[in-house]
1. Can you tell me how many residues within the stretch 363-376 are farther than 14 Å from Tyr36 by Cα, open to solvent by 10 Å² or more (accessible area, probe 1.4 Å) and either outside any helix (DSSP H, G or I) or basic (Lys, Arg) (or both)?
2. When you go through Ser81, Ser66 one by one, which is the residue that is more than 30 Å from Ala240 (Cα to Cα) and either among the β-branched types (Val, Ile, Thr) or open to solvent by 10 Å² or more (accessible area, probe 1.4 Å) (or both)?
3. Which residue out of Glu183, Glu166 is at pLDDT below 90 and out of contact with any helix residue (DSSP H, G or I) (no Cβ under 6 Å at 6 or more places or on another chain)?
4. Is it fair to say Ser216 is small (Gly, Ala, Ser) and more than 21 Å from the chain's Cα centre (by Cα)?
5. Considering the stretch 301-310 alone, what residues qualify as being open to solvent by 10 Å² or more (accessible area, probe 1.4 Å), closer than 16 Å to Lys380 by Cβ and not in a loop (DSSP other than H, G, I, E, B)?
6. Give the number of residues within the stretch 342-362 that are open to solvent by 50 Å² or more (accessible area, probe 1.4 Å) and within 30 Å of Gln414 (Cβ to Cβ).
7. Can you work out which of the residues in the stretch 286-300 that are at pLDDT 95 or above and not aliphatic (A, V, I, L, M) is surrounded by the most Cβ atoms within 10 Å (Cβ to Cβ)?
Amino acid sequence: MPDHPNIAVVVLDTLRYDTFDEFFDWIPGTSFTNAYSTSHWTIPAHGSLFTGLYPSEVGVHSQSLSLDCDEPTIAEELHDSGYYTRKYTANLNIHLWDGWDRGFDENIGPNELASYYDVDTLDFSKYLSQSDDSGLSLYLSAILECIKGDHSTIYSLLDGTRRYFESKKRGGAESVLRQLEDETFDDGEFMFINLMDVHVPYYPPKEYRTLSKEVSTNNWEPFVGDISNLSDAKIAYNDAANYLSDMYKKIFSKLNEEFDYIITLSDHGEMLGEFDMIDHTYGVYPQLSHIPLAISGDNVTESTIDVPVSILDVHATIADLAGIECQTHGQSLLNDPQGKNRLVEYHGFLPWLKERFVEKGVSEETYEELNQPLHACVDKDGNYSFETHSNGLIVGDGLQHQEARRDIDSLVDQLTVREVSTDNSSVEDSVMDRLEDLGYA
């Protein structure tokens, strides 16, 4: 192995394990059939991936969105050891909030990925999030920034106009492929990529669509007793996964030319009617925490591993591949990983959802009950037990209730929780609109 092998980590955001199994069986290397995230959604899952610790330990979850913990991130550790580090993310959540660029020499977010022009254009995502203007004033100030700012005026205006009229769906795969084709890589490269092509709104290119329309889901509907477009969501989700598989083949092929190792995983899954739930706003259901994971590269055997592993182990594996030591709860997956009890956490809803839920008919009492923390545990033998607010503890097939309760309580007791205050800071209307498109508002 080279002293600094090139390592790529690709998160296929929101991709369920069973869907991955159906559409992505072409990925070479070692696949893990029982990999689990530490959470049900992007920010806490990536907090664990980047730090090797549980979300509650680094204080990165629905109540605190910034990556502002004292612990170093894997990108910082790699940068300090001599790696050149890059992040390409189509997910606004790990680009907008503070700290998610820590350790990255190059940090390309949704706006830059979506740009059609190979010149410096205005980063609309960051500009809109930082502006104090709104409505017509925001529109006019953005035009003025295109003209006066340190960007290409013409291409910034063209880019802004195209964004205004195009579909709000920007999953990232096409843009990342274009970016990779234009990039030059050297030795000692670390690349992190997040692709959103199976995230709501589900809207793959026309040739992949069974349905003609863009399909979104409403996160409050399960709590008022009706999921309005479940059948459409299932169809459109699978169509999006089919598209992403084809696009990822091209991305993977390009990465394989330049990188010694490629780790492919998801951060969480998606509910598609199981337990009468939709999307990934709530709970620690197995359909949310069971994630795909595969390692491809030099000297990686073609094999399938059924031992339960965690997204925490991906952090440790990156460090092992790079030959560095990091503080982590994870274990390297390169050499005979061992089954361990692992925790999954739910920290409640994003603070701004309360107003929307109550407006849609969820009582404040119900909301407050649903907003209380939940935990799940996958034990060393692969049994998955999880807490719910409505039905108590649901126990894995191979366990007794007392055993499952003990396992969860033991893991929770071992946590060194970082206390954080709920982030109720105001969010600009333009950013909230984009978060609403993604089902986060």
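The values are calculated or read from the model by the stated rules, or taken from the named source; none is laboratory data. Remember, predicted model here, so these are calculated numbers, not experimental data. Here the Cβ positions follow ideal geometry from the backbone for every residue, glycine too, while neighbour counts run over all protein chains shown. Heads up: the accessible areas ignore ligands, DNA and RNA and are worked out on the full protein's heavy atoms, side chains in. Shrake-Rupley method; radii C 1.70, N 1.55, O 1.52, S 1.80 Å.
1. Total meeting the criteria: 4.
2. Result: Ser81 is the single residue among Ser81, Ser66 that is more than 30 Å from Ala240 (Cα to Cα) and either among the β-branched types (Val, Ile, Thr) or open to solvent by 10 Å² or more (accessible area, probe 1.4 Å) (or both).
3. Result: Glu166 is the single residue among Glu183, Glu166 that is at pLDDT below 90 and out of contact with any helix residue (DSSP H, G or I) (no Cβ under 6 Å at 6 or more places or on another chain).
4. Here the answer is no, as Ser216 does not meet what is asked.
5. Within the stretch 301-310, just Ile305 meets the criteria.
6. 0
7. Per the criteria, the residue is Ser289.
Conditions tested, residue by residue: (1) part of a helix (DSSP H, G or I); (2) open to solvent by 10 Å² or more (accessible area, probe 1.4 Å); (3) within 30 Å of Val58 (Cα to Cα).
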site	(1), (2), (3)
Ala236	yes, no, no
Lys254	yes, yes, no
Gly269	no, no, yes
Val284	no, no, yes
Leu312	yes, no, yes
Cys326	no, yes, yes
